[in-house]
Amino acid sequence: MESNHKSGDGLSGTQKEAALRALVQRTGYSLVQENGQRKYGGPPPGWDAAPPERGCEIFIGKLPRDLFEDELIPLCEKIGKIYEMRMMMDFNGNNRGYAFVTFSNKLEAKNAIKQLNNYEIRNGRLLGVCASVDNCRLFVGGIPKTKKREEILSEMKKVTEGVIDVIVYPSAADKTKNRGFAFVEYESHRAAAMARRKLLPGRIQLWGHPIAVDWAEPEVEVDEDTMSSVKILYVRNLMLSTSEEMIEKEFNNIRPGAVERVKKIRDYAFVHFSNREDAVEAMKALNGKVLDGSPIEVTLAKPVDKDSYVRYTRGTGGRGTMLQGEYTYSLGHVYDPTTTYLGAPVFYAPQAYAAIPSLHFPATKGHLSNRAIIRAPSVRGNTNH
């Protein structure tokens, strides 16, 4: 990692030096430049609590290259308390077009996305703002299909540090086998990045098999208000032979006539109910039940506005995913042309992703286009890649 840490406080000779010094003097925050980024705060003065939880960081893109903290901080301060801002810098002293801002809580971060996305910071220059997520999960492919979750967990713990969980899906055609890949959850983004670095060159084999390793797409978080009105169940681990009629009959057994319709896609399905209470009751009664010889998992589907899907994910190798048409397998569990429904938890294998050159933000509020981008390029400085 290159270090261009400047002497003194890091502001001598920088563009807008006087304005930046005035900002620091007014707020009491530190402003330090190193490793290609300039960090404001983190922590702020007088902060003695733990750092903010996950979900408090936003990504601000499409910045004019000659715009700096003296203009961006006052804009963010109006929305909430800034814990930290990291602006990516080039060697000429311009910004690299983007910055990360961590607020003190999730609500402030959510409000900042709403208020700042498409905000006209200068004449004709609109900001692109979305959530920023730290990825702690790797995709590992090439696993022998006969291996059980416990064996995979034990093996991953032997070859990498900081493993906290392994997610394995049974094969759709043969439930005794896995699908040949697993998702490995680490205690931190750093631990996952170190594991990825160790596994990538192909030196390490699992059970004598070469493996493919990459970042996995993290779960989508849906706020509690939205989840509290969901009346669609997501059913996973069905047999391929189980019909929509069979599923409808099983779910209607709990309360006759409660099910509106069922849509099955390979080994999972969405079950629509007339009201939420019946959906919740059916979920509790049927989760874990054996249907046609396979134990099914039943959870509430996650409704996601496609526009809210645009987000920057740290550690995703610069790929993006397109959402096209009614069902998209690369995404996982898409339903309904206007709203996306996801099963929970859902993870995506990286091979499914289409490469996109740049991050497109939703053009207008409330407009659901038929194509939305789920994942932004990974451009977060040069840390831990």
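Find the Cα radius of gyration of region 71-175, compare it with 2.2 N^0.38 Å by division, and give the number to two decimals.
1.66
Show me 81-89, 30-38 ranked by packing, highest mean number of other Cβ atoms within 10 Å first.
Details: 81-89: 21.1, 30-38: 18.2.
The most tightly packed comes first, giving 81-89, 30-38.
Of all the accessible heavy-atom surface of region 1-157, with the other protein chains kept in place and a 1.4 Å probe, what percent is carbon and sulfur? Before the final figure, lay out each step's value.
On the way: 3670 of 7270 Å².
So the carbon and sulfur contribution to the accessible surface is 50 percent.
Less than 13 Å Cβ to Cβ from Gly202, Lys/Arg counted +1 and Asp/Glu -1: what total charge do the surrounding residues give?
Local net charge: +3.
Between beta-carbons, use under 12 Å as the cut-off and find the net charge around Arg26, counting Lys and Arg +1, Asp and Glu -1.
-2
So which of Lys114/Lys231; Lys114/Lys157; Lys147/Lys264; Lys81/Lys284; Lys198/Lys284 end up more than 30 Å apart, counting from Cα to Cα?
The answer is Lys114/Lys157; Lys81/Lys284; Lys198/Lys284.
Quick one: order Arg236, Arg149 from most to least accessible surface, probe 1.4 Å.
Arg149, Arg236
With every protein chain kept in place and ligands, DNA and RNA left out, what is the accessible area per residue of region 75-218? Probe 1.4 Å, answer in Å².
Numbers: 6450 Å² over 144 residues.
For region 75-218, the per-residue accessible area is 45 Å².
Hey, any idea what % of region 158-306's accessible area is carbon plus sulfur with a 1.4 Å probe?
48
Can you give the three extents of the C-alpha atoms in region 158-260 along their principal axes, from longest to shortest, in whole Å?
Principal extents (Cα only, largest first): 56, 37, 17 Å.
The values are calculated or read from the model by the stated rules, or taken from the named source; none is laboratory data. The structure presented is a predicted model; accordingly, all values stated were derived computationally and were not measured. Virtual Cβ from ideal backbone geometry, glycine too; neighbours counted across all protein chains shown. Remember, those area values only see protein heavy atoms, side chains included, never the ligands or the DNA or RNA. Shrake-Rupley method; radii C 1.70, N 1.55, O 1.52, S 1.80 Å.
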